[in-house]
Amino acid sequence: MIPAAFDYVRPESLAEACEALADAGEDAKVLAGGQSLLPLLRLRLSFPSTLVDVGRLTELHDIRDGGDHVFIGAGATHYDVVRSPLVNAACPLVALAAATVADPAVRHRGTFGGALAHADPAGDLPAVAVALDCVFTARSANGEREIPAAEFFVDYLEPALAPDEILTGIRVPKLGPGWGYHYEKFHRTAQSWAIVGVAAAVRRSNGVVEEARIGLTNMGPTPLRARGVEDALRGAGIHPAAPDDGGADPIRDACGEAAAGSSPPSDLHAQPDYRRHLARALTHRAVRAAARA
Amino acid sequence: MTEVGSARRRKEDARLITGRTQWTDNIQLPGMLYVAYLRSPMAHARIVRVDTGPARREPGVVAAFSGRDFAQEQGSLPCAWPVSEDVVIPDHPPMAVHEVRYVGEAVACVVATDRYKAADALAAIEIEYEELPAVLDMAEALTDTAPKVHEAGNRAFTWRFGNGDIDAAFRDAPVVVDRTYVQQRLIPSAMEPRAVVAATDGDAFTLYSATQIPHILRVMLALTTGIPEHRLRVIAPDVGGGFGSKLQVTAEEVLALLLARRLGRPVKWTESRSEGNMTVHHGRDQLQRISVAAERDGRLRGIKVDLLADMGAYLMLVTPGIPLLGAFMYNGIYKMDAYDFGCTGVFTTKMPTDAYRGAGRPEATYALERVMDELAAEVGLDPLELRRRNWIRHEEFPYTTIANLTYDSGNYEAATERATTLFGYDKLRAEQADRRERRDPVQLGIGVSTYTEMCGLAPSRVLGSLSYGAGGWEHASVRMLPTGKVEVVTGSSPHGQGHVTAWSQIVADALGVPFEDVSVMHGDTAVSPRGMDTYGSRSLAVGGVAVLQACDKVKEKARQVAAHLLEASPEDLEFAEGSFRVRGTGAGRSIQEIALAVFAAHDLPDGFEPALDADATFDPENFSYPHGTHLCAIEVDTETGQSRIRSYVAVDDVGKVVNPLIVEGQVHGGLAQGIAQALFEEAVYDADGNLLTTTMADYLMPTAADLPDFVTDRTETPATSNPLGVKGVGEAGTIASTPAVVNAIVDALRPHGVHDVRMPCTPERIWRTLAGVRGGAA
Ligand SMILES: Cc1cc2nc3c(=O)[nH]c(=O)nc-3n(C[C@H](O)[C@H](O)[C@H](O)COP(=O)(O)OP(=O)(O)OC[C@H]3O[C@@H](n4cnc5c(N)ncnc54)[C@H](O)[C@@H]3O)c2cc1C
C-alpha cells in the first residue's frame, strides 16, 4: 500500500527535534525505526501531517549504568539491547523479552523506545516495563519529565506522551541478587506477535518464592501487572508435593488467578477464554522457569 | 552423459539474488502512467452511482474510469473449462458495472503520473452502493431461500464420475467410515506480487505481466479484448513465484490493455500485498464428505466422495476444473472395487478460487489419507499396515485404477521401507506408547501419508474429454549456432523453477555440448511463439521431453552432415561426447564443427537446408505419477494446544532426477506450503463477507524458523510414459505433507477421544477440541 502524503523532517539534535515537533503541531508524529509506524501509514490507518525522524539522534542510543538502574536510550535498537552486556547482567529480563521480538531484520531497525511508545499491548516489552517498574523519561521544548511505567500505558496504542513529547529513554531498576527471570511468549509463528506473553522475575530462597513480579502481554488494552499472583506466590514452596502426599502445587495454585482482572482481546488468533487459559498456564511456566534460574 | 542427474547450481540464481534482474514492476517506459483501483468494500451490492469526475480534478490525475466507461469493450473474463453441460458461467466484467459480488472487486480506477497520486485520488471518487445480502456458506447457498449471487442461482455445476458397483461395495460392508473434512480457503502468496505493464504504438500491443502463462494469456486476451492475436505480444519477464495464482487472466491485465489503448500511453499496475490478499484468486475451499467401505481386515471395498466446492463469485480461467482434477485421485495408491465421486460447484460472494499448488490433488489426497488413518483406528491396524494391505504392489504395474487412470510405474514398498528406516518408526512408536502410559502433557503423534498424484498435465485428448479449452502439449526449439553454442526456446514459461538450468543439462547430454554453452529463452511470445506454459508439475515431464526430442532431431540432422563429411553412411556413425565417429576407424567430427559447416554451407548433402535446428512438440500419452511416503512426528502440548513438528521424513519417487538440487528445493518449498495449510494458513471472511486476513500479520505464513529440518530422500522408479523417465516434482511436497501433519496431530490426541481437528490446526483449535471431548468448558 501507499501512504498518504506527509512532511518529513530529520533534526540533528534532540533540542531541534523538540522544536520541530512543537512547530509541526498536533498531527505530527515521531518516527524512530518505523517498524510499527510505517505499516500503519501504508495501510492508511494513520495520517500524520509531519514525521519527525529521530533516527539520527545518536544521543538517544546510549545504554548506560545509572548505579541502581540501567538507562536505555529510546533509540537503542532491539539488537543493541539484546547484545548489551550491561543489560544482560543487570536486567536480563529486558534482553530475554527483546530477543523474542519479531525477526532479526525488525530487531535491527526497531527501537526500544519505539516499541514502548507505540504502547501496543501485544508488544513484548511493555509487560516487562510494567513488571520491573521502569521509569520513562520524556522531553519536550518545555523540559523533561518522568513517567512511571504504571502510568505510561494509558490505553490501546496510547502512551502517556503529549504530542510534542519525545521519549528519551527508560530507567530499568536493577533488582539485585537472588532474582531469576523468564519471558514466556506464546505465538503461532516465530515472526508473529504474542497471543499471550508472561514476563516473570522471581526471587527465591530456601525453596520458597520470596518475591515475584509478573507482567502480562496482550491480556487487555494495556500491559498488565498480575499483582494477585505476585501476592499469592509470596512464600509458596517451589517443589510440588509428591502425588502420594496429595500433590499440592502452591505455584500452580497461585498462578490460577493470572487472568483475574484482565480483559483479553478477541481476534483471529485467539478468543478471550483461551487467552485467559493461556495466561494461567504460561504464568505457571514462566514462574517455574524464573524460579529455577 | 553426466549432466542429467548432477546437482548443478542454477544458472538463474546469480542474477536473481544480486538484484540484476527485471521484474515487471522494474519496467519503465517513456510517458508511463500508473493505475490504482477503487475496490468494493462490500461483499454484495448494486452500484447505484459512480462519479469519477472529482478524481479527475486531483493533482497528477490523467484519467479516471468506472466500469460503465468500459462496458462496451471490456468483455468478460474468460473461463476456459466449462466442465459440464449444466455449468453456469456468469458474465464477469473486469470492472464491475452494475453489481459487485466480493470485497475487493474493482469498480473504478484512476490513472495518474505516479502511483502515489493515483492512490491518493481514489478517495475522491464518489460511489453509492445499495447493499445486497452476502452469500458465504456453501450449504446455505444451495437452499431454495438463499439470496442469489447470480440470477441463475448459486449452483455453478454438478459433476459425477464413478466406476464399479458402489452400492454393492457399501451394502453389508463390515466397516464403513464416514467423515467430513474442511479444506479451508488459502491465499497463494507468491514472493513477487502481481504486476502488469501495457504499451501500444497504435495498433500493436505489448503486455508485460508477472504471469505463469504468457502463451495462454495472449490467446485469451486476444479473444477477450478483440486485439488481433498477431498484434499482441506478451512478455513474462523474471517472475517471482506463482503457485497457480499467476495461472490466470486477470481483470488488471485486460484493463491495462484497454487503458493503454484508450490513453495511448503505457500504463503500469502493481498490487500491494493487502490488495493481493483480497484479489489474487484463492485456493482450496471445499467441503469434503468421504465414506469408505472396507472388510474387517482393512481391505477396501469402495470409496464415495461428495464435494461442495466454493467457486467464489465468478468462474475464472480454470475455477470449476480444480476440484475435478482431484476426482481421479481419491483412490490414491489403493485397490478397490468401486468408486463414486460427485461435486457441486457453488457460488458465494467471495474472491473466486482457482489453481493453487496441487490444484484438486492435495484436497483429494488429504481426505483419502486422513480417512485411511481413521479406518486404521477403526479396524485396529497400524496405519502403515493398513496401507500395505491395500496398495498396488510394485509387480502389478502398469495398473489401471478404479478411477480409470493407468499408473505406469511405482514402488510404494521401497519408498515406505526407506522412509520408515530414516524416520525410526518403531522407536518413535515406542516413545509414543511411553508418553501415553505416563500421561505426559506433551503427547507424541505420528502421521503417515502415502500419496501419489497425477502430473505432467496433460494428454491433450484427456483434457478434451474433460471439456478443457486447450491441449496439454509443450513445444521446444533447439538451434545450434555457427560457433557451436546452443539456443533453446521453450514454451514452458518458468517463474522460479529453474528451467534454464535443467534444460541446459538435458541439452548438454543430448548434444554432447558443455552445460555453459546452452542458453535458454522463454516467456516472450515474440521469442517463443508456441507454448502451454508452467503449472501442474508439467514442465519437465512435458516441456523437458520436447527439448530432448528437438535435440534428437538436431542430432539426426547433424548425423547426415557428419556422414557426408566423413564419407560414411549415417548408420555407421556413433555419437558420443559430442562427436560423430565412424565405427572402427576413429575418424570423426564434433557437433560444433558440424554446426560451422552447416553455417558455411559449402559442402552439405544434397537438399540439406543449411540450418542445424529443430522444433518438437510433445503431447504426452499419459500423465506421470510421482509417489512417496511421508512421515511426520509431532509433539502436541495438551495444556496449551501448541504443536511442534519434531521430525519430518519425505521419501519421494519423482522418477528420473535431472537436477537433485532443484528437486530438493521443490520438495522443501512444497513441504512448507503443505505444512502451512495443516498448521498456519487460512483466509477468513467475516459474517458480512469482509476478508479479515488482509495482511501477513493475520494470514500466517510460516518461515524457515517455524519448520523442522526436513529429512528427504528418494527412490527412483523411472516413468515409462516419457523418454526421460521423469515424473514431475513441483507439487509433490504440498500434496503429501498436509495429511501427514494432521494425521500426526490426530494420532497424538486419539487416546483423548479426538478423531479430527479442523485445519489449520491452530493451538486454540486443538485446545478447544480437547476441551470439547473432555466435556469440560472450554
Ligand atoms: C514483522 C514485524 C513483527 C513484529 N513483531 C513484534 C513482536 O513480536 N513483538 C514486539 O514487541 N514487537 C514486534 N514488532 C514491532 C517492533 O517491535 C517495532 O520495532 C516497535 O514496535 C516500534 O519501534 P520503532 O522504533 O520501529 O518505532 P516506530 O515504528 O518508528 O514508531 C512507533 C510509534 O512510536 C512512536 N515513537 C517512536 N519513537 C518515539 C520516541 N522516541 N518518542 C515518542 N514517540 C516515539 C511513533 O511516533 C509511533 O507512534 C514487529 C514489527 C514488525 C514489522
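Tabulated results
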item	result
Over 22 Å [Cα-Cα, the stretch A:46-125], rounded percent	24
Partner chain coverage, peptide A:269-281 - average Cβ within 10 angstrom	4
Kirkwood Rh, angstrom, the protein assembly as shown [1 / mean 1/r, Cα pairs]	31.9
Whole-number D in µm² s⁻¹ for the stretch B:257-318, Kirkwood Cα-pair radius fed into Stokes-Einstein, 20 °C, 1.002 mPa s	129
The stretch B:639-771: translational diffusion in µm²/s, Stokes-Einstein, Kirkwood Rh over Cα pairs, 25 °C, 0.890 mPa s	148
Å² of accessible area per residue within the stretch B:473-618, as computed with a 1.4 Å probe and no ligands counted	38
Neighbourhood net charge (9 Å Cβ-Cβ; Lys/Arg +1, Asp/Glu -1) for residue B:60	-2
Most to least packed among A:36-45, B:190-199 [average Cβ atoms within 10 Å]	B:190-199, A:36-45
Descending semi-axes in Å of the stretch B:473-618, equivalent ellipsoid built from Cα gyration tensor	29, 15, 12
Cut-off under 5 Å, modelled amide H: who pairs with residue B:12 long-range	B:501
Inter-label distance, nm, simple model (7 Å from Cα along the C-beta direction), residue B:601/residue B:17	4.5
Gain in span if fully extended, residue B:86 to residue B:704, counting 0.36 nm per residue against the direct Cα distance	218.0 nm
Label-reachable residues, the stretch A:170-186, where backbone N falls under 19 Å from a point 7 Å from residue A:292's Cα toward its Cβ	A:178-186
Within the stretch A:9-32: backbone nitrogen closer than 18 Å to the residue B:123 label point (7 Å, Cα to C-beta)	A:26-29
Cut-off 12 Å between beta-carbons: net charge of the residues surrounding residue B:624, Lys and Arg +1, Asp and Glu -1	-2
Length-normalised contact order of chain B in % [C-alpha pairs under 8 Å, at least 6 apart]	15
Label-to-label distance, nm, for residues given as residue B:530 and residue B:377 (7 Å Cα→Cβ offset)	5.3
Evaluated at q = 0.17, 0.21 Å⁻¹: base-10 log I(q)/I(0), Debye formula over Cα of the stretch B:544-623	-0.66, -0.91
Efficiency of FRET from Cβ geometry, residue B:289 and residue B:417, R₀ 25 Å, rounded to 0.05	0.15
Per-residue average of Cβ from other chains inside 10 Å of A:184-195	5
Along principal axes, Cα extents of the stretch A:61-173, largest first, whole Å	34, 30, 24
The stretch A:7-53: equivalent-ellipsoid semi-axes (sqrt of 5 x gyration tensor eigenvalues, Cα, Å)	19, 12, 6
Residues residue B:485 and residue B:771, FRET efficiency given R0 of 56 Å [Cβ-Cβ distance, rounded to 0.05]	0.25
Cα centroid separation, the stretch B:492-527 to the stretch A:227-293 (Å)	61
Alpha-carbon Rg/Rh ratio, for chain A, with Rh computed the Kirkwood way	1.00
The stretch B:671-717: Rg to Rh, with Rh as the Kirkwood radius over Cα pairs	1.19
Residue A:64 versus residue A:271: modelled label distance in nm, points set 7 Å from Cα along the beta carbon direction	5.3
Equivalent ellipsoid, the stretch A:156-211 (semi-axes from 5 times Cα gyration tensor eigenvalues, Å)	29, 21, 9
Extended-chain gain in nm, criterion 0.36 nm per residue less alpha-carbon gap, residue B:263 and residue B:297	5.1 nm
Highest average packing first - A:212-224, B:607-619, B:493-505, Cβ atoms within 10 Å	A:212-224, B:493-505, B:607-619
For residue B:434, net neighbour charge (Lys/Arg +1, Asp/Glu -1) across residues whose Cβ lies under 14 Å away	+1
Percent breakdown of C-alpha pair distances by 10 Å bin, ordered from the shortest bin, for the stretch A:181-292	16, 47, 27, 10, 0
Test item: B:703-710 mean partner chain Cβ contacts at 10 Å	2
Chain A: relative contact order as a whole-number percent, Cα under 8 Å and 6+ apart	15
Spherically averaged projected area in nm², based on the convex hull that wraps the Cα atoms of chain B	35.9
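The values are calculated or read from the model by the stated rules, or taken from the named source; none is laboratory data. Source: prediction; values computed, not measured. Backbone-built Cβ (ideal geometry, glycine too); neighbour counts: all protein chains shown. For accessibility, only protein heavy atoms count, side chains too; no ligands or nucleic acids. Shrake-Rupley method; radii C 1.70, N 1.55, O 1.52, S 1.80 Å.
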